[in-house]
Every structure is written in C-alpha cells, then in structure tokens.
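**Q** I'd like to ask some things about the structure below.
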Amino acid sequence: MGEAARRGAQLILQRALEAEVEGFLRRGRYERAGDGAWRGSRNGYEPRRVHLAEGSIELAVPQVRDSVEPFESVWLAAIGKRSQRLRQLIPMLYVKGMSQRDVEAALVEALGVERTGRTVIMEACKELRPVFRRWQERDLSGVEVVYLFLDGIYLKLRPEDKKAVAVLCAYGIVTDGSKVLLHLEIGDKESTACWEAFLEDMNRRGLKAPLLTVIDGNAGCRRAVKAKLPDSLVQRCQVHKMRNIVNKLPRVARPTLKRLIYKAFTARTHAEGLQQAQAIVAQYQDRFPAAMKCLAQDIEECLTALKLPFAHRRQTRTTNLLERLFGEGKRRSKIIPRFPSEDSGLALMFAVLLDASEGWHGLRMNEALRDRLKIMRTDPDSPWEDPDLKDLAA
C-alpha cells in the first residue's frame, strides 16, 4: 500500500491516542470532567517513532500528570513488534468501516486491542476516507497500461437507495507485467454516459489508451470504450459469453457445446478460433438458434486475445479477477443491507480491491514481448512467430 497505507496508519494511531487519553481523563481538551472528579491533566506530548510494515511513522504521544494511576496507551502496547498485524489494520477498517461494532471487532482481531471505544473508531474512519479520495485523484500519466479491465458491481451504498447502484472499477496490466488498481467510482447504473464519465476521469488524470480493453459485454460499457478509447482493441469476457450461450441451451447439449466453444476460444490463432466458432454456428444453428445467435454476436471480439502473445492470453480473455474480488466485497458487506453513507461503501470496495491487489500475480513480460506489443498498437494483425506457440507445438 506504500505511502497511502503509512499515512493512513499514522492518522489512525494519532486519533486513537487522542481519544484514548480523553477516555482516560473522561473529558476532552480544555473541558471539565462531567462528574467533577479529578483524574489528572494533560502534560504536552512526547515524540515517538513507531516502526510498521508500511515504514516508520512519527507519533505525538499525549502525556498525563497528577493522575492516581499512570496513563498507559493500550494501542502502543498492542503494536509492539506486531507490525505485520498493524499492516492488516488499514484494509480491515475500510472493509468494516460501515459498522462501528464490526470495526471494534476488527481492531481486536488485528491488534488484540480492547476498550477502544466508539469515539476512537468513529474518528479513525473519518480521517481515513480522505485517503481514498486522494487515491481517486492521483496522477495516472506515469502508468503505462497495456491491458485495461473494466467491470461493475451493484451495491446499496446510500440509505436512500431503493435499488442497488453500480460501482464501476478499472485495473490494468502495465509494461512490466504487474497489475495495478486504477479507479473506483459510483456510476448509478452501467449506462453509456456513466462509463464515459468514468473513462473521461481517468483520461483527465493522464491515463494513456491501452492496447486492449477487456469488458464483460455490457452494452453501455462497449459504447463508452468505442467513444473514449477508439484505438484500443476490445476483448469480450469469454466467461460471460460462455455463460450467456449455455443458458440458452438444453441441459443435455451443454457439455458438448461448451467443449467445442472452449476449443475455439483457446485456439492457436485468431483465424483458427474464428473458423472453429463459425463452424459451430453453421452446424448447430437449426437445433439451437438462440444459443448460436448469441455465439455469433461479437464473436471476433470474444477472440481478440488470440492475437496476443500466448503468454498473455489466459489472463486477458476474461474479467474473472474483478469478478472474484467483487464476490469478496459482497460477502463482506452482506451483513449490512444499507451502508450508512456513500463514502463507507466506496471505502469498503477500495479496501477489498487494494488489499487483494497486493497479492495479484503479474504476467510474464520481457523485451521481445514488449516489442511485439508496441508493433500491435499500429498493426495488431501483423505476422509474428510466437516462440511459446512454437514450443507448445513441439
């Protein structure tokens, strides 16, 4: 998570320390105790450097004098050498940020900290949300995206929402092969206008057009990509396509057709895949017209990945990675029928995706592959002898 996680951890801990000393004295700064009892007074701050998995941070630890019992921070005692546990704190607070009770449970789970109090959690969440907003506005001009992935999830983010609204998401694979989470925003629905605004926002922040954009087949998304990324190749998610086709087939015919279609989707070349798919349509269109019409529709875009180097095809033919992450987001938010605010809902998805992105495996990239991708930007159908396909045949 880098600098964002370090800032977030610093904000959490500083707010927690302030709320903790207020709880100890039973009054805020410059206030009298409500019951009139004297429990001590503030005595400035003492600087403290804490070493975390995210890096070192500076804290100003509140000091207390004239107290019957010494003030000892439960937070600082809990941190100790458990920096790896603190590393989990940021995404956990985001993930459970919509429920104060769940946040308290998360803190106990992550740090073993009890008696945190709701004030600590509330203040921490308020400070963390701007981290997400800054992430949304960061500069993307230095991110060289080769493959862009777009998808949406429907959530009830606001108390007044009667229906779930679309949360649009983008991640990319860059020139070194790593995967980067790029953007997350509310779209109300997956309309052309919402997707166009989503893409325009990334363009405004400097994102350059990718070689390939992978989409789930949503018509609004497709039109937006055509309008805002006209030079980008398009790959329709093969999993979504297969699902749509299979749903139009009788159960007895599904295994055979799935096997044939999968063979076309994973053919050696784009031309071979297209030939196989067209042969399937010709053979079965009289028996299963609806399913074959679905297969024939946009079939070339379902096979675009076959133009890519063989080493990149498996990870660029579907939006499965986002689908899995969205499933995790839904699982974690299932206990709450409504988020208390739009920011809480977006922060949840941001945390789930950002936390999971640290474990994303990249794809193989070397100079030969990068050179091929550069050529494909101007001539995607140019001849090329893929060494991986040659080795596969051998």
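The values are calculated or read from the model by the stated rules, or taken from the named source; none is laboratory data. Since this is a predicted model, take the numbers as computed values, not measurements. Note that each Cβ is placed from the backbone with ideal geometry, even for glycine, and that neighbours are counted across all protein chains shown. Only protein heavy atoms, including side chains, enter the accessible area calculation; ligands, DNA and RNA are left aside. Shrake-Rupley method; radii C 1.70, N 1.55, O 1.52, S 1.80 Å.
**Q** Given a Förster distance of 30 angstrom, what is the FRET efficiency for THR256 paired with ARG364, based on the Cβ-Cβ distance and rounded to 0.05?
**A** Plugging the Cβ-Cβ distance into 1/(1 + (r/R0)^6) gives 0.35.
**Q** Report, by chain and number, residues whose modeled amide H sits under 5 Å from the one on GLY187, excluding near sequence neighbours (fewer than 5 apart, same chain).
**A** ALA166, VAL167, LEU168
**Q** In nm, to one decimal, how far is the GLU58 label point from the ARG26 one, both placed 7 Å along Cα→Cβ?
**A** The answer from the label model is 3.6 nm.
**Q** For a quick check of understanding: with a 1.4 angstrom probe and all protein chains in place, what accessible area in square angstrom does ILE173 have, to the nearest ten?
**A** ILE173 has an accessible surface of roughly 0 Å² with all protein chains in place.
**Q** Given the pairs LYS258/LYS390; LYS263/LYS390; LYS179/LYS390; LYS248/LYS307; LYS226/LYS263; LYS307/LYS390, which span a C-alpha to C-alpha distance of over 21 angstrom in this model?
**A** From LYS258/LYS390; LYS263/LYS390; LYS179/LYS390; LYS248/LYS307; LYS226/LYS263; LYS307/LYS390, over 21 Å: LYS258/LYS390; LYS179/LYS390; LYS248/LYS307; LYS226/LYS263.
**Q** Name the trypsin sites (Lys or Arg not before Pro) in segment 268-313 that are in a loop by DSSP and that have at most 16 other C-beta atoms within 10 Å, would you?
**A** ARG268, ARG287
**Q** Based on the Cβ-Cβ distance from ASP176 to LYS208, what FRET efficiency comes out when R0 is 22 Å, to the nearest 0.05?
**A** 0.90
**Q** On a 1.4 Å probe surface of the protein chains, which of ARG243, ARG7, ARG26 comes out largest in accessible area, and what is the full order? Numbers along the way, then the final one.
**A** Values: ARG243 115, ARG7 80, ARG26 150 Å².
Largest accessible area first, the residues go ARG26, ARG243, ARG7.
**Q** Would you kindly derive the ³J(HN,Hα) couplings of segment 178-190 from the backbone phi angles with the Karplus curve 6.51 cos²θ - 1.76 cosθ + 1.60 (θ = phi - 60°), listing them in order in whole Hz, with x for Gly and Pro?
**A** Result, ordered by residue: 7, 9, 10, 6, 9, 7, 8, 7, 6, x, 6, 8, 8 Hz.
**Q** Once the whole set of protein chains is in place, how much accessible area is left on ARG49, using a 1.4 Å probe, in Å² to the nearest 10?
**A** Approximately 130 Å² of ARG49 is accessible to the 1.4 Å probe.
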